Amino acid sequence: MLFVPFCGYISGEMRKKVAACLAVIALLGQPVTSRPRESQQSLDRRVEALLSQMTVEEKVGQLNQLFYFTKFMKPEMVEPGIREGKIGSLLFLTDPVLINRFQKVAVENSRLKIPLLFGFDVIHGFRTIFPVPLAMASSWDPALVEQVQGVAASEARAVGVHWTFAPMIDIARDPRWGRIVEGAGEDPFLGSRMAAAQVRGFQGPDPASPGHVLACMKHFAGYGAGSGGRDYDSAYIPDAELYNVYLPPFKAAVDAGVGSAMSAYMDLNDVPATGNAFLLRDVLRRQWGFKGFVVSDANAVGNLVTHGFAEDKSDAAYRALTAGVDLEMSIPTDPIANAYATSLAKLVQEGRVTKAQLDEAVRRILEAKFKLGLFDNPYVDESRVASIHNNPEHRRLARVAAQRSMVLLRNEGNLLPLVKGDSKISSVAVIGPLADSKRDIRGSWSFVDDVNSAVTVLEGIRAKVGTSVKVEYAAGVDIGRVYPSMFDIMTGPRPKPWSEPQQRAEFEKAVSFARSSDVVILVLGEHEEMSGEAASKSTIELPGQQLELLKTISGLGKPVVLVLINGRPLEISRAASNISTILEAWHPGTEGGNAVADILYGDATPGGKLPLTWPRSSAQIPIYYAHNITQEPETKKGFTSRYWDIPSSPLYPFGYGLSYTTFSFSNLRVSKPELRVGESTEVLVDVENTGRRAGDEVAQLYIHQRYGSASRPVRELKGFERITLAPGQKRTVRFTLGKAELTYWSAAVKGWVQEPAVFDVWAGADATASLTTTFRVVGAK
Ligand code: BGC
């Protein structure tokens, strides 16, 4: 049943085939039997029985999670600790043999035989790499995202990973921040839908169900708001913005049943998130009723000392545990690591941490292990890994996901789609440093896949056109970078920068291929490690000599398609006025090159939409659509109140994206023009495909509350639906606006309010939609 929505957008025979194959995936690769879900009472009994047998040291052991880097650690470095019950969880292991080996030590050789919990960052795929999360958010297709994370979960669980450190659901409004690539962009409504979809995908009906894993929402909370877009930097977020913008995706994940949460690295309003009782106790537990466990980010407990918050490691352990961090994640080689392991027992002895406080944390970890079925079924079946990983349906889904994530930004003169067999196009020049890069097509956090199996844009185009078209390729320029990446340790360093003569020769080769071809596909953007963790940048300009290449190629008078491979919006104003056709492909994953070729040649029609506002330049950052209205609104003629020297509008608005067909919106109406506080109204709009091809449109609904106890954003997304329409087909899309959508956290009231007011409503294809109506909310009786 899970896969039925996926089949909804594939027609006829293909739909049946895919449905059948997906049903097979659901069965294949999963342990054959699924345990019936245990009652909470029986679970509690088992947890308490175990807890009562544990020494303080064993309890502390359950709160200790260590990285294990296969490349430079040896089993002997952790096995004694596992045997003595001093390690409760390991992360970064992906070898099933090693996982079983360590698990055996825990369940056969430790005193209480408590299984280990294995975690890993399954962010956008495991063996099969799917589009990066920012790209998946561009699909505006939560059902697809759920399926993708379901497949990612099955591949990870196949090797014995029980727990993913995902979804990353930090709202990000500053594209200089590298981790913008890991989330769903700037908007709390879209972000919440993507958060819930990912939790459902990873965990399935319950994390113990076959082929699923425990999800971990991160980074709680406010990490995306770091000053200057610098990674790990302090965030200052007023309460209203916290509740209305940054927290909703986390609340949505909790409502979707997420099993764990990760505390963030940075200071939030001067209190580090990992020692922040307001976040971890008041909001997470008291306000939201979260029942799972909290893990710290790596070394974040010890780093409470670095932040100038805790006096020493022991104080850090005290502060984190009492604030609500249950499990400490440590990089064992770091001197600030292992704060819990080295201090908690003594803190309990001294009475600074009570036994009840310790037990509370341990109970949550044990409960998660029981719920995951680890006590009954601790090992992984090594013989089944290959069949699960080599399932061709995973790649097929990766291709569909990539197609649906791409955003057509410009198509002046309808150069796209190119037509296979078009006699006017007998040669194509594929140019650019990312055009044939297997590594970069995948995106950050791709560690376990077979990089050689990734399909580049060049390969995708070659496969698409066959031998009938001459395809020539030159990188043209070298991207280069100033600093090494912290992930070089996992993925290996980049080759040395080109020498001067090599640079000249490559540039000339690219220009000459472009000059002699009928169409140029120019593939520019960023290396995969240029976004992601510790990958913030001071500007969003195209790195290296790429702008020069773009200028030269666009000056040749050839038809040029710019394909962007990147994890953040980039400064492309020059391209936006000089290159007729721009496709945002993001880092589209293992099947990315094939998906790009599918879109370029019209075997798939683009339907993705931007999950963020695209700045004209770095100077506009931060820029987002849901800002408050100034006293000189942009709608007022002759005023540009926000900047004097550059337009204050973005290059492309939030929600924007083109298709190969056209759509019109009409007949916007509300079922109830007047409603009482607490009641709901339906909003309906007709969407018609007015072009000559079938295609997808994302119907988007925005509202604005005209007055109230606090100023409200000029527009806020409150509904969306991606639909497929045949040429000439018209459909009515329905949205509901009720208490949930009309309530906000008021800075004046210091609480949640739904207020009597007039509301504007817009429906359309992006955040600048003009079709509008109003409704009024009046006070409750
Ligand atoms: C990141 C987390 C990640 C963890 C484990 C940290 O540096 O901030 O997002 O889950 O490492 O890999």
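The values are calculated or read from the model by the stated rules, or taken from the named source; none is laboratory data. Remember, it's a predicted structure, so these values are computed and weren't measured experimentally. As a convention, Cβ positions derive from the backbone with ideal geometry for all residues, glycine included, and neighbour counts pool all protein chains shown. For the accessible areas, the whole protein counts, side chains as well, though only heavy atoms, and no ligand, DNA or RNA atoms are used. Shrake-Rupley method; radii C 1.70, N 1.55, O 1.52, S 1.80 Å.
Residues in region 68-80 that are crowded, with 20+ Cβ neighbours inside 10 Å and either under 29 Å from the mean Cα position of the chain (by Cα) or within 15 Å of the ligand (Cβ to nearest atom) (or both): 1 in all. If the condition is being closer than 30 Å to ALA153 by Cβ and open to solvent by less than 10 Å² (accessible area, probe 1.4 Å), then region 391-441 contributes HIS394, LEU397, ALA398, ALA401, ALA402, SER405, MET406, VAL407, LEU434, ASP440, ILE441.
Pairs are defined by a Cβ separation below 6 Å, a sequence spacing of at least 6 or placement on different chains, a first member in region 753-781 that is in contact (Cβ under 8 Å) with a residue 60 or more places away in the chain and within 22 Å of ALA240 (Cα to Cα), and a second member that is open to solvent by less than 20 Å² (accessible area, probe 1.4 Å) and β-branched (Val, Ile, Thr); the pairs so defined are PRO756/VAL777.
One residue is enough: does region 299-307 have a residue meeting the conditions in contact with a helix residue (DSSP H, G or I) (Cβ under 9 Å, 6 or more places away or on another chain) and under 18 Å from ARG364 (Cβ atoms)? There is at least one residue in region 299-307 that is in contact with a helix residue (DSSP H, G or I) (Cβ under 9 Å, 6 or more places away or on another chain) and under 18 Å from ARG364 (Cβ atoms). Among the numbered conditions (1) more than 14 Å from PHE735 (Cβ to Cβ); (2) surrounded by 14 or more Cβ atoms within 10 Å (Cβ to Cβ); (3) of a type in the set (S, T, N, Q), the only one that SER671 does not meet is (1). Does at least one position in region 487-507 carry a residue that is under 23 Å from ALA597 (Cα atoms) and without any contact (Cβ under 8 Å) to a residue 12 or more places away in the chain? No, region 487-507 contains no residue that is under 23 Å from ALA597 (Cα atoms) and without any contact (Cβ under 8 Å) to a residue 12 or more places away in the chain.
The residue list ALA261, ALA316 contains one member that is at pLDDT 95 or above, touching a Leu at 6+ places or on another chain (Cβ under 9 Å) and within 13 Å of the ligand (Cβ to nearest atom), which is ALA261.
Taking helices (runs of 4 or more DSSP H) as the structural unit, those lying wholly within region 328-413 and holding at least 1 residues that are over 30 Å from SER139 (Cα atoms) and modelled with pLDDT of 95 or more correspond to 339-350, 355-371.
For region 758-771, residues that are open to solvent by less than 40 Å² (accessible area, probe 1.4 Å) and either of a type in the set (S, T, N, Q) or in contact with a helix residue (DSSP H, G or I) (Cβ under 9 Å, 6 or more places away or on another chain) (or both) total 1.
Residues that are β-branched (Val, Ile, Thr) and not in a loop (DSSP other than H, G, I, E, B) were ranked within region 455-502; the one that is surrounded by the most Cβ atoms within 10 Å (Cβ to Cβ) is VAL457. Does GLU591 fit the bill of being among the acidic types (Asp, Glu), out of contact with any Pro (no Cβ under 6 Å at 6 or more places or on another chain), closer than 23 Å to GLY413 by Cα and surrounded by 23 or more Cβ atoms within 10 Å (Cβ to Cβ)? When the stated conditions are applied, GLU591 does not pass them. Using the structure shown, decide if ALA253 is part of a helix (DSSP H, G or I), open to solvent by less than 40 Å² (accessible area, probe 1.4 Å), more than 16 Å from the ligand (Cβ to nearest atom) and hydrophobic (A, V, I, L, M, F, W, C). Criteria not met by ALA253. If you go through region 92-110 and keep only what is within 16 Å of the ligand (Cβ to nearest atom) and surrounded by fewer than 22 Cβ atoms within 10 Å (Cβ to Cβ), you end up with PHE92, THR94. Within region 182-213, the set of residues being open to solvent by 10 Å² or more (accessible area, probe 1.4 Å) and within 16 Å of the ligand (Cβ to nearest atom) comprises ALA184, GLN198.
Would you confirm, using the coordinates I've provided, whether SER531 is open to solvent by 10 Å² or more (accessible area, probe 1.4 Å), of a type in the set (S, T, N, Q) and farther than 25 Å from VAL511 by Cβ? Taking the combined requirement at face value, the residue does not satisfy it.
Residues in region 315-363 that are of a type in the set (A, V, I, L, M), more than 30 Å from LYS71 (Cα to Cα) and surrounded by fewer than 17 Cβ atoms within 10 Å (Cβ to Cβ): how many? The total comes to 1. Screening VAL301 on (1) in a loop (DSSP other than H, G, I, E, B); (2) within 22 Å of the chain's Cα centre (by Cα); (3) of a type in the set (Val, Ile, Thr) shows it passes everything except condition (2).
Going by the structure shown, is ARG179 of a type in the set (Lys, Arg), within 16 Å of the ligand (Cβ to nearest atom) and at negative phi? Spelling it out, ARG179 is indeed of a type in the set (Lys, Arg), within 16 Å of the ligand (Cβ to nearest atom) and at negative phi. Listed by first and then second residue, the pairs with beta-carbon distance under 6 Å, at least 6 apart or on different chains, first residue in region 317-339 and on the phi < 0 side of the Ramachandran plot, second charged (D, E, K, R) and away from the ligand (no atom under 14 Å from the Cβ), are TYR318/ARG352; ASP326/ARG364; ALA339/LYS313. Selection of helices (runs of 4 or more DSSP H) fully inside region 524-605 by the criterion of at least 1 residues being modelled with pLDDT of 95 or more and either in contact with a helix residue (DSSP H, G or I) (Cβ under 8 Å, 6 or more places away or on another chain) or away from the ligand (no atom under 16 Å from the Cβ) (or both) returns 546-554, 592-600.
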